[in-house]
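**Student:** Quick one: this structure, given as structure tokens, is what I'll be asking you about.
What follows is calculated from the coordinates using simple rules that are stated; it is not laboratory data. A quick note: this is a predicted structure, and the numbers were derived from the prediction, not measured. Ideal geometry is used to build each Cβ from the backbone, glycine not excepted, and the neighbour counts take in all protein chains shown.
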Amino acid sequence: MVKVAVVQFPGSNCDLDALEILQKTVKVPTDLVWHKDLKEDQYDAYVLPGGFSYGDYLRAGAIAATSPSLETIREATVAGKPVLGICNGFQILVEAGILLGAVLRNAGLRFVCKWTRLRVESTRTPFTNLAKKGQTLRIPIAHNEGRYYLDNDQLAELERNKQIVLRYVNETNIPTKDSNPNGSLDNIAGICNKEGNVMGLMPHPERASLPILSLNNQPDGRLIFDSMIRSFENTVEGENR
């Protein structure tokens, strides 16, 4: 059976949210692991939750990215295990060089907390395999540094390798300036690594995984977690054939 680790850093504040969704809603064995205690790659999947690790000093995620636990995470990514970085977790993965680009201060220089519309651009990842390409998800954001940026050559690389997973879109499912809440390049809300097993996104799926906490009682965020677990189950089934 798959076992997941939610990695906790000083300043994490969405760790218990992710833990509860995985344990009580998705119903998968999940441990909350203090980053200093993560010394070996002994889990099947990892979640780096949102928050303000180390108070966002220097840059968001910069100090957490130096934690020895990131070497364990890096080993897991090389082994092909699913690694999900949510908001601050995305920032940490970028700062650690596991994902391309940079996450900068919001274009409006203000903290933004609102519901967003996200278009699924790729279903090849372990986190979107239950979605349909072009499907719209309603998931909230809450961040001050969420403006994803990279140079033109890297953007072309992401496009070529189908590493752009989610984009901010309007009511007609089109990426527009008005639908972009933070000024992210090309309306990018989430990306994956070249292999597809590591995904970082600024929106918070754990905050939209229960009907009572979701718009129109549609827990779109749960799709991210269900996909991750289903992907692992498919891998195990394939190995047992």
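**Student:** Looking at Lys81, Lys114, which one is within 21 Å of Gln8 (Cα to Cα) and either surrounded by 20 or more Cβ atoms within 10 Å (Cβ to Cβ) or of a type in the set (Lys, Arg) (or both)?
**Tutor:** None of the other options fit; the residue is Lys81.
**Student:** Just checking, which of Gly108, Gly97 is of a type in the set (Gly, Ala, Ser), assigned to a loop (DSSP other than H, G, I, E, B) and either farther than 29 Å from Leu185 by Cβ or touching a Gly at 6+ places or on another chain (Cβ under 8 Å) (or both)? If you could, list the steps in order and put the result at the bottom.
**Tutor:** On the way: Gly97 fails: either farther than 29 Å from Leu185 by Cβ or touching a Gly at 6+ places or on another chain (Cβ under 8 Å) (or both).
Within the list Gly108, Gly97, the selection yields Gly108.
**Student:** Within the set of pairs 6+ apart or on separate chains, which have a first residue in the stretch 190-219 that is buried (at least 24 other Cβ atoms within 10 Å of the Cβ), a second that is of a type in the set (Asp, Glu) and in a loop (DSSP other than H, G, I, E, B), and C-beta atoms under 6 Å apart?
**Tutor:** Short answer, once both residue conditions are applied: Ala208/Asp220.
**Student:** Applying the selection to the stretch 157-174, what residues are surrounded by fewer than 19 Cβ atoms within 10 Å (Cβ to Cβ) and over 17 Å from the mean Cα position of the chain (by Cα)? Outline the logic, then answer.
**Tutor:** Here is the first cut: in the stretch 157-174, the ones surrounded by fewer than 19 Cβ atoms within 10 Å (Cβ to Cβ) are 157, 159-162, 170-174.
Glu157, Glu159, Arg160, Asn161, Asn170, Glu171, Thr172, Asn173, Ile174, listed by residue number.
**Student:** Are there any strands (runs of 3 or more DSSP E) wholly within the stretch 3-75 with 2 or more residues that are over 27 Å from Leu104 (Cβ atoms) and without any contact (Cβ under 8 Å) to a residue 40 or more places away in the chain, and if so which?
**Tutor:** Ranges flagged: 30-34.
**Student:** Taking the stretch 7-44, which residues are farther than 18 Å from Glu71 by Cβ, among the aliphatic types (A, V, I, L, M) and under 16 Å from the mean Cα position of the chain (by Cα)?
**Tutor:** Leu16, Ala18, Leu19, Ile21, Leu22 - these are the residues of the stretch 7-44 that are farther than 18 Å from Glu71 by Cβ, among the aliphatic types (A, V, I, L, M) and under 16 Å from the mean Cα position of the chain (by Cα).
**Student:** Let me ask another. Quick check on the stretch 33-49: of everything there that is in contact with a strand residue (DSSP E or B) (Cβ under 7 Å, 6 or more places away or on another chain) and within 20 Å of Gly11 (Cα to Cα), which residue is surrounded by the fewest Cβ atoms within 10 Å (Cβ to Cβ)?
**Tutor:** Trp34
**Student:** So, one more: State whether the residues of the stretch 148-155 include one that is closer than 17 Å to Gly50 by Cβ, crowded, with 18+ Cβ neighbours inside 10 Å and within 16 Å of the chain's Cα centre (by Cα).
**Tutor:** Taking the stretch 148-155 as the starting set, the residues that turn out to be closer than 17 Å to Gly50 by Cβ are 148.
Remaining after also requiring crowded, with 18+ Cβ neighbours inside 10 Å: 148.
From what's left, within 16 Å of the chain's Cα centre (by Cα): 148.
Checked the stretch 148-155: at least one residue is closer than 17 Å to Gly50 by Cβ, crowded, with 18+ Cβ neighbours inside 10 Å and within 16 Å of the chain's Cα centre (by Cα).
**Student:** Still on this model: When you go through (1) touching a residue at least 12 places away in the same chain (Cβ under 8 Å); (2) touching a Lys or Arg at 6+ places or on another chain (Cβ under 9 Å) one by one for Thr123, which number turns out not to apply?
**Tutor:** Every condition holds for Thr123 apart from (1).
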